[in-house]
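This report concerns only the one structure given below.
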Amino acid sequence: MNRAPLKRSRILHMALMGTPDAAGGPEASPGKPFLLRALQIALVVFLYWVTSISMVFLNKYLLDSPSLQLNTPIFVTFYQCLVTSLLCKGLSALAACCPGAVEFPNLRLDLRVARSVLPLSVVFICMITFNNLCLKYVGVAFYNVGRSLTTVFNVLLSYLLLKQTTSFYALLACGIIIGGFWLGVDQEGAEGTLSWTGTLFGVLASLCVSLNAIYTKKVLPAVDGSIWRLTFYNNVNACVLFLPLLLLLGELQALLRFAQLGSAHFWGMMTLGGLFGFAIGYVTGLQIKFTSPLTHNVSGTAKACAQTVLAVLYYEETKSFLWWTSNMMVLGGSSAYTWVRGWEMKKVQEEPSPKDNEKSGVGV
């Protein structure tokens, strides 16, 4: 059965409120033993955690390491997009050569499609750039708090664009997140480690993550609904758009003066960062496939908690009780919002429609 085309308001609602597609449920094969399915889920979640946490620590090293002293955040982001584009094209060629061994969509650069994806690419560039700039100026431990307002922007944009109201309990969860964010900023300032620049970039990154979800839903039909095609076009567009930024901001000149430009270690770490950037998209989709979108959000929240603890231990930092409270408020508010949205969606699905009520009243 063919699906009816989604209205723009419905697309925006799905993107902003996190409503999963009907076909995007968890992979629950009744034929598989419970233990095997549990092991698969555990492995997928483990891969997501390792990839995501490793990518954050590696990017922090590339962006703000005293041993590197590389002040070119736009170039680091550009190179990661370049690696992702080349990996997509390479896997596409490999799939064409070995159709039985590798499954990957056929990728051919179409300028018409690239233009259709361009609005999303601009938002995508802003999102990954602000993410990296936030990570450059703030510590890994504060990174999750610094860019924790994505959920709040989802609710705000859903009201501004859709006039969609949000339940009291969901708003209460957002209030907890905002409170945790401000308490975290206050405690970072009290400890003398607050970067207003990094915090501003974190807020902008949160806004761009919400906008990216909206534009992704709108642009997917242009690439036949393929996330890999969208990833390819997004990163190719980003590489082209980054080039004038590298010239205008003087990063190419700074790169030429970089002492470790010929170092194999430097380019190895840069390439590894690109590999993690490519892998995070795959393992995120894999986690959603084997669990559900809501479980993915819960896993992401737990991962953020583990990442914060690891960062404090790794960098040998000492944090106050109120600082930890701010993190718990952000993580608790995010978990509460995820639970409330899941409960509301389940309630809507279980409620009978007016037509069903009429049928049951008439009888057979």
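Judged by the mean number of other Cβ atoms found within 10 Å, the most tightly packed of the peptides 114-124, 318-328 leads the ranking 114-124, 318-328.
With both labels modelled 7 Å from their Cα along Cα-to-Cβ, the T271 to T193 distance reads 3.4 nm. When each of the peptides 173-182, 308-317 is scored by the mean number of other C-beta atoms lying within 10 Å of its residues, the order from highest to lowest reads 173-182, 308-317.
FRET efficiency for the pair L243 and L111, taken as 1/(1 + (r/R0)^6) with r the Cβ-Cβ distance and R0 = 22 Å, rounds to 0.85. Counting only protein heavy atoms and a 1.4 Å probe, tell me what percentage of the chain's accessible area is made up of carbon and sulfur. Carbon and sulfur: 67 percent of the exposed surface of the chain. Distance between the modelled labels on Y61 and R257, one decimal in nanometres: 2.6 nm (7 Å Cα→Cβ projection). Which entries of K89/K136; K217/K303; K289/K346; K60/K289 have Cα-Cα distances beyond 23 Å here? Too far apart for the 23 Å limit: K89/K136; K217/K303; K60/K289.
Spacing of the modelled spin labels on A302 and W343, each 7 Å from Cα toward Cβ, amounts to 2.0 nm.
The values are calculated or read from the model by the stated rules, or taken from the named source; none is laboratory data. In this text the structure is predicted, and so the values were computed from the model without any measurement. Positions of Cβ are backbone-derived with ideal geometry, glycine not excepted, and every protein chain shown enters the neighbour counts. Protein only, heavy atoms only, side chains kept; ligands, DNA and RNA dropped before computing areas. Shrake-Rupley method; radii C 1.70, N 1.55, O 1.52, S 1.80 Å.
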